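S.K.: Below is the structure I would like to discuss, written out as structure tokens.
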Amino acid sequence: MSLHDLHRPLGGTGLRVSPLGLGTVKLGRDQGVKYPNGFTIPDDASARNLLAQARDLGINLIDTAPAYGVSEQRLGPLLRGQRHDWVIVSKVGEEFENGQSHHDFSPAHTRLSVERSLTRLETDCIDLVLVHSDGNDVAILRESGVYEALAALKHEGKIRAFGLSGKTVAGGLLALEQGDCAMVTYNLGEQGEKPVLDHAAAHGKGILIKKALASGHACLTDGRDPVRASFELLFAHPGVGSAIVGTINPQHLAANAATAAAVIRGYTAQLE
């Protein structure tokens, strides 16, 4: 069961996205990540196969960031000749160097970061750029100038839409008021940012979900499939555009896509 005919608008961005997106931190970074098990960064052949599989499953949304180690640098060559097949999301504000993260939300660094991402990803336009917040969402949006810089880059045609990958309700709401999209945490264990989803649904704004499966920690004690239960929660909300799930396991990718498709088709059938 594929996601090919289940693509939907991402708010008012003009982008149409698969309800499941592929996160690519595991293509570029294995230090300082919060997964329950260790992993080995896949080689180019394995990464290329994974991307081809995702595309065959109907996934068209790929999520990366400068903070994901060498993820952007690898995706550029891996996606050559396929640019029209993908909606690419990247980020600004967080850098990962020598095993450490640091943040810079200044307009100058924002522009440098986007220009660098364009080069790394071998494209002339990034579909969506999100501010990679350190948690001080409101202060970043109000004081750093990052949103103004992204608005200018959008005007120049270097990005199609922008928003915030934040950590607070206040930040998410402000991000949607002034931008196109918010990426929020929403899963079986964490639903505190639901007001951001509600606002997006009411105002035609884009929502991407991060930690949809609690970074691989999703589990239930009553025997239910935690992936299905997670997707039932997410896709029941009309504000959700897509859930970004990072995996380098082909079996998990196929199972996640099939489960998401089944859940969405079930809700569609109920509405009819």
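Since every read-out is calculated from the coordinates, none of them should be taken as a lab result. Keep in mind that what you see is a predicted model, and the values were worked out from it rather than measured. Reconstructed Cβ throughout: ideal geometry from the backbone, glycine too, with neighbour counts over all protein chains shown.
S.K.: Could you work out [θ]222 nm for the chain from helices alone, using -39500 (n - 2.57) per DSSP H run of at least four and dividing by all its residues? Round to the nearest 500 deg cm²/dmol.
M.R.: Helix-only estimate at 222 nm: -11500 deg cm²/dmol.
S.K.: Quick check: convex hull of the Cα atoms in region 4-271, volume per residue, rounded to a whole Å³? Before the final figure, lay out each step's value.
M.R.: On the way: hull volume 32.5 nm³, N = 268.
Value for region 4-271: 121 Å³ per residue.
S.K.: Restricting to DSSP loop positions (anything but H, G, I, E, B) with no more than 14 other Cβ atoms inside 10 Å of their own Cβ, which trypsin sites (Lys or Arg not before Pro) remain in region 145-230?
M.R.: Loop-located and lightly packed - R224.
S.K.: Let me ask you something else. Give, in nm to one decimal, the length gained when the segment between E190 and C125 is fully stretched (0.36 nm per residue of separation minus the Cα-Cα distance). Kindly include the intermediate steps, with their values, before the conclusion.
M.R.: Details: separation 65, 0.36 × 65 = 23.40 nm, distance 3.34 nm.
Gain on stretching E190 to C125: 20.1 nm.
S.K.: Once region 215-272 is represented by equal point scatterers at the alpha-carbon sites, with solvent omitted, what log10 I(q)/I(0) does the Debye formula produce at q = 0.21 Å⁻¹?
M.R.: Log-scaled intensity ratios, in q order: -0.89.
S.K.: Within region 4-271, count lysine pairs with alpha carbon atoms under 25 angstrom apart where the residues are 8 or more positions apart or belong to different chains.
M.R.: Count of close lysine pairs: 29.
S.K.: Please state the charge dipole magnitude for region 4-271, taken about the Cα centre, from unit charges on C-beta atoms (+1 on K and R, -1 on D and E), reported in debye and rounded to the nearest 20.
M.R.: 440
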